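Read through the structure below, which is laid out as structure tokens, and then see the notes.
The values are calculated or read from the model by the stated rules, or taken from the named source; none is laboratory data. Just so it is clear, the model here is predicted, and its values are computed rather than measured. Don't worry about glycine lacking a Cβ; one is built from the backbone with ideal geometry, like all the others, and counts go over all protein chains shown.
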Amino acid sequence: MTGISTHVLDTSLGLPAEGVPVELALRTEGGWKVLGASATDSDGRVRDLPAVEAGSVVRLLFDTAAYHAGASPEPPFFPEVSIVFTVAPAQPHYHVPLLLNPFGYSVYRGS
């Protein structure tokens, strides 16, 4: 089994993004099966997502509309960010950081 964690940084503020809802789902023949959900803590981290099987295709779905709610009279340009990746064999853990701002985002495989 492979652990999954994430970290969201708000690059427009230069701070961790607290309170971002995050969902972990597994791709199945019938579509996406939600395995767990959480929200970023005061350090912008989610550490309590369930582990997944090697070889799985998984999705991290970030509800950025909920995070940006009230910050602007306009709705966010990206109301959600979906990161889909394959869990390789022999990887004990994946850390997937998201760098977020109101008009863009960047993601990478962390360590």
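Data table
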{"read-out": "Selection status of residue 67, among the aromatic types (Phe, Trp, Tyr), touching a Gly at 6+ places or on another chain (Cβ under 8 Å) and in contact (Cβ under 8 Å) with a residue 60 or more places away in the chain", "value": "no"}
{"read-out": "Conditions (1) under 16 Å from residue 1 (Cβ atoms); (2) exposed (fewer than 13 other Cβ atoms within 10 Å of the Cβ); number of the one not met by residue 51", "value": "(2)"}
{"read-out": "Top-ranked residue of the range 54-111 - restricted to ones that are part of a strand (DSSP E or B) and among the aromatic types (Phe, Trp, Tyr), ranked as surrounded by the fewest Cβ atoms within 10 Å (Cβ to Cβ)", "value": "85"}
{"read-out": "Residue match in the range 6-18 (condition: touching an Asp or Glu at 6+ places or on another chain (Cβ under 7 Å), farther than 19 Å from residue 86 by Cβ and part of a loop (DSSP other than H, G, I, E, B))", "value": "yes"}
{"read-out": "Residue within the range 12-35 that is modelled with pLDDT of 95 or more, hydroxyl-bearing (Ser, Thr, Tyr) and surrounded by 15 or more Cβ atoms within 10 Å (Cβ to Cβ) present", "value": "no"}
{"read-out": "Any hit, the range 87-103, residues being touching an Asp or Glu at 6+ places or on another chain (Cβ under 6 Å), under 22 Å from residue 43 (Cβ atoms) and at pLDDT below 95", "value": "yes"}
{"read-out": "Filter result for the condition that a residue is closer than 18 Å to residue 13 by Cα and polar (S, T, N, Q), over 64, 86", "value": "64"}
